[in-house]
Amino acid sequence: MPIITVNNRQVHIQELNKGAEQTVVLIHGMFSNLSIYYFNIAPILAKHFHVVMYDLKSHGMSERFLDGYDLDNMSSDLIGLIDHLQLEKVHLVGYSFGGLIALKTALEYPDRVNQLVVMEAPDPQDEKARNIIDEYSKEFLEHYVANFTDTTKVQMGKRQMEKNHRMYEFLFNQTSIKADMIKEKHFLGEARFNELTAPALLLYGADSNCRPTGEWLQSQISQSELELIPGDHNIPIQEPQLIAETIAQFLSKILTQNHG
């Protein structure tokens, strides 16, 4: 499993189709890891693009840290990774809190982001939305265990399960993650979306509690389109193939328009 050092931090990454001309960086949400893309979504995108996935700090196999979970820090971590891989400009796909990281990065570093896909980004001001991240992390863990077994043909061992639970315990109880998320509660209201240069695809579950945020973002971002996917907040698990194909189509369409 590739571990690279970015800004003196150990980051677990996975790459597919390195030879492709265009790069897509996939950002997972809080309390999950890159496997939310690895099993189903990334292989479809890799037919067309160089795909980069990474574990956020203290998630998956990346190094653990007690603080630095606010959007400034997470965005800076992402740019550090892009610099390390010597990528000039990338497409960003972010899910849940990862969608907020993608938005923040596109706003702060417009010259580094080609196109943007925001999937189920919550409104940090909405306490219910923050709790969704908590609630769905449990469903993610079940999905991760099932896919691990299907892919490796090996039952996930007790030690591996305990390791995952220790990661959740660490994040919930020892880090500044919840306080940092609450600190970001005014992010959407204060963001200057009129300055966003990257075309954006907004993917939200038709039955998701976060859907109103997607509809609001569409009204704020001039170059945006909203696609509703059958399901709730956990659409990457519920409809991975549809999501991957929708993203690939969006990125390819915009590229064709730009080069046409």
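The values are calculated or read from the model by the stated rules, or taken from the named source; none is laboratory data. Since we're looking at a predicted model, the values are computed, not measured. Using ideal geometry, Cβ is built from the backbone for each residue, glycine included, and neighbour counts are taken over all protein chains shown. Just the protein is used for accessible areas: all its heavy atoms, side chains included, with ligands, DNA and RNA removed. Shrake-Rupley method; radii C 1.70, N 1.55, O 1.52, S 1.80 Å.
Per 10 Å bin, what percent of the C-alpha pairs of segment 173-240 does each bin hold, from zero upward?
So the P(r) values, bin by bin, are 19, 37, 36, 8.
Hey, rough spin-label estimate for K89 and Q223, points 7 angstrom out along Cα→Cβ, what's it come to in nanometres?
Simple spin-label model gives 0.9 nm for this pair.
What's the FRET efficiency of Q241 with Y109 using the Cβ-Cβ distance as r and R₀ = 35 Å, to the nearest 0.05?
Plugging the Cβ-Cβ distance into 1/(1 + (r/R0)^6) gives 0.70.
If you scale each eigenvalue of the Cα gyration tensor by 5 and take the root, what three semi-axes come out for segment 49-123, rounded to whole angstrom and sorted largest first?
After scaling each eigenvalue by five and taking roots: 18, 15, 12 Å.
Please report how far the C-alpha centroid of segment 1-26 lies from that of segment 36-102, rounded to the nearest whole angstrom.
8
Just the accessible area for H84, please: 1.4 Å probe, Å², rounded to the nearest 10?
90
Taking the Cα of I4, stepping 7 Å toward and past its beta carbon, and measuring to each backbone N in segment 43-81: which are under 16 Å?
50-57, 61-63, 76-81
When every alpha-carbon pair in segment 1-95 is counted, what percent end up more than 18 Å apart?
Every Cα pair in segment 1-95 considered, those over 18 Å come to 40 percent.
Loop only by DSSP, 12 or fewer other Cβ within 10 Å of the Cβ. Give me the trypsin sites (Lys or Arg not before Pro) in segment 163-213 that pass, ordered by residue number.
Hits after loop and neighbour filter: R192.
Label points 7 Å out from Cα along the Cβ direction at D207 and E21: separation in nm?
4.2
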